[in-house]
Amino acid sequence: MALEKIISQDRIEIVGDYKHIQVRTKTAVIEDGVELSSAYSRHVVAPDADITGESTEVQAICNAVHTQAVKDAYAAHLASQEV
Amino acid sequence: MAGYIGSKTVNLSTTGADIAGDADVSGALDVGGGLTVDNDGSTVLTVDRATSDGTIIDLQKSGSSVGSIGAYNSATGIISGSAASYTGIYLNTNKIEPAGNNFGSEIRADNTVDVGSSSYRFKDLYLSGDIAHKDAAGNARLLYDKSANLLGNAGTYLYGFGVYLGGTGSANLLDDYEEGTWTPEVRISNSTVGITYDNRHGFYTKIGRVVHLNGTVTLTNKGSNTGSIFLHGQPFSIANLTDDTSLESGSQSVDWYSNSNGLYHLSLICHNASSGFSFYKKSTATANLSSSAVAADIGNTFSFRISMTYLTNA
């Protein structure tokens with residue numbers, strides 16, 4: 001009867017015009033291969049975000065979709081924001 | 001004493017007749033007082049209807065038929081009852097089908113025979129495949145398939161891909177529900193440099209495209225940056241739904257705050273696509289709520305509680 005806590009990024013989604021990356025982190029408690037409980041935590045990675053703290057997989061996705069064109073468009077969008 | 005069935009000799013006594021070997025009877029045979037047939041190690045009784053479908057064994061009570069076992073399309077049917085109330089089963093190839101007619105051109109019947117009743121129910125049902133429910137007209141209503149997907153009519157998923165409520169259009173689809181945590185992140189001039197926390201916690205509930213957040217933050221240091229204060233870290237991207245402005249409408253509330261510098265009122269508003277919220281302030285009772293709160297408006301140990309609702313495109 002072994003208990004383990006497994007933390008995984010079980011959902012990574014690319015959404016919106018500026019390719020925001022939504023990351024869902026799942027924390028599961030497993031007993032002998034059977035999931036007893038789980039909980040989610042989320043965060044969003046914007047094109048201008050510092051990704052050094054992200055997982056290797058998220059960094060790879062960021063590098064793939066946050067092209068310079070996307071970053072420039074997002075920066076222009078932020079600069080154009082007016083009330 | 002000896003008697004005969006056809007050409008076979010039968011031993012007769014006062015208590016019955018005993019046929020020790022084969023007996024062939026051409027024509028009807030009436031047996032009163034019960035008929036016992038036994039054999040050892042091979043088929044005991046063969047009842048053969050030679051060429052056509054129809055009743056093979058007629059079950060009677062008081063001389064009237066109450067049911068039958070017979071052949072239909074070279075398979076077996078078991079029927080009980082009489083005209084207008086036939087009920088039974090047809091043992092078809094790899095399936096058991098409801099029977100509701102006497103042996104004839106069709107013994108099967110659609111949409112007339114129940115399995116169990118409200119007072120006399122079967123117990124457990126063990127299946128390895130799908131459960132398909134159709135209405136009386138034959139339209140698909142519900143399918144619970146062997147992959148644990150619950151699907152509504154037209155194959156729409158009730159589990160996994162959402163459920164339609166109040167209609168079947170895309171606007172009626174509830175496709176997501178989720179609860180979890182998020183980590184609030186204060187930024188000043190879009191930077192986190194020098195900002196440290198005593199505590200910060202966030203919780204979210206997402207229902208369809210509506211995201212509701214709760215959060216609490218207490219700083220130990222706001223850093224040295226100047227400029228506007230933002231809140232980031234929200235769990236879902238903010239939809240861009242309002243025209244002519246990047247500030248999305250929603251319901252954002254700073255429920256409580258402390259260690260500010262002369263603020264009359266503090267609020268939050270979300271930016272579309274920018275992954276964050278801006279703090280807005282009123283410095284006096286009559287001021288508009290249209291000025292960004294800046295670093296100078298808060299102390300190093302600025303603390304706040306928030307609740308927010310916004311729409312996401314996730």
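The strands (runs of 3 or more DSSP E) found wholly in region B:1-84 and carrying at least 1 residues that are surrounded by 10 or more Cβ atoms within 10 Å (Cβ to Cβ) and modelled with pLDDT of 85 or more occupy B:54-61, B:64-72, B:75-80. Considering region B:223-241 alone, what residues qualify as being within 12 Å of chain A (Cβ to nearest Cβ) and under 11 Å from B:Ser191 (Cα atoms)? B:Ser228, B:Phe230, B:His232, listed by residue number.
Tell me, which residue of region B:241-256 that is open to solvent by 60 Å² or more (accessible area, probe 1.4 Å) and either farther than 26 Å from A:His20 by Cα or in contact with a helix residue (DSSP H, G or I) (Cβ under 9 Å, 6 or more places away or on another chain) (or both) is modelled with the lowest pLDDT? Within region B:241-256, the match that is modelled with the lowest pLDDT is B:Asp255.
Within region B:195-210, which residues are open to solvent by 40 Å² or more (accessible area, probe 1.4 Å) and touching a residue at least 24 places away in the same chain (Cβ under 8 Å)? B:Thr196, B:Asp198, B:Phe203, B:Thr205, B:Ile207, B:Arg209, B:Val210 - these are the residues of region B:195-210 that are open to solvent by 40 Å² or more (accessible area, probe 1.4 Å) and touching a residue at least 24 places away in the same chain (Cβ under 8 Å). Once region B:180-213 is narrowed to residues that are away from chain A (no Cβ under 14 Å) and assigned to a strand (DSSP E or B), the residue that is nearest to A:Lys26 (Cα to Cα) is B:Ile207.
Within region A:55-69, restricting attention to residues that are in contact (Cβ under 8 Å) with a residue 40 or more places away in the chain and of a type in the set (Val, Ile, Thr), the residue that is surrounded by the fewest Cβ atoms within 10 Å (Cβ to Cβ) is A:Val65. Hey, does region B:142-164 have a residue that's modelled with pLDDT of 90 or more, out of contact with any Ser or Thr (no Cβ under 6 Å at 6 or more places or on another chain) and open to solvent by 60 Å² or more (accessible area, probe 1.4 Å)? No, there is no match, as no residue in region B:142-164 is modelled with pLDDT of 90 or more, out of contact with any Ser or Thr (no Cβ under 6 Å at 6 or more places or on another chain) and open to solvent by 60 Å² or more (accessible area, probe 1.4 Å). Of all the numbered requirements in (1) under 16 Å from A:Arg24 (Cβ atoms); (2) open to solvent by less than 40 Å² (accessible area, probe 1.4 Å), A:Pro47 misses one, and that requirement is (1). Surrounded by 12 or more Cβ atoms within 10 Å (Cβ to Cβ), modelled with pLDDT of 90 or more and hydroxyl-bearing (Ser, Thr, Tyr): does that describe A:Thr25? It is true that A:Thr25 is surrounded by 12 or more Cβ atoms within 10 Å (Cβ to Cβ), modelled with pLDDT of 90 or more and hydroxyl-bearing (Ser, Thr, Tyr).
The values are calculated or read from the model by the stated rules, or taken from the named source; none is laboratory data. Every value quoted in this text rests on a predicted model; they were computed, and no experiment measured them. Note: ideal-geometry Cβ built from the backbone for every residue, glycine included; neighbour counts use all protein chains shown. Surface accessibility is based on the protein's heavy atoms, side chains included, excluding ligands, DNA and RNA. Shrake-Rupley method; radii C 1.70, N 1.55, O 1.52, S 1.80 Å.
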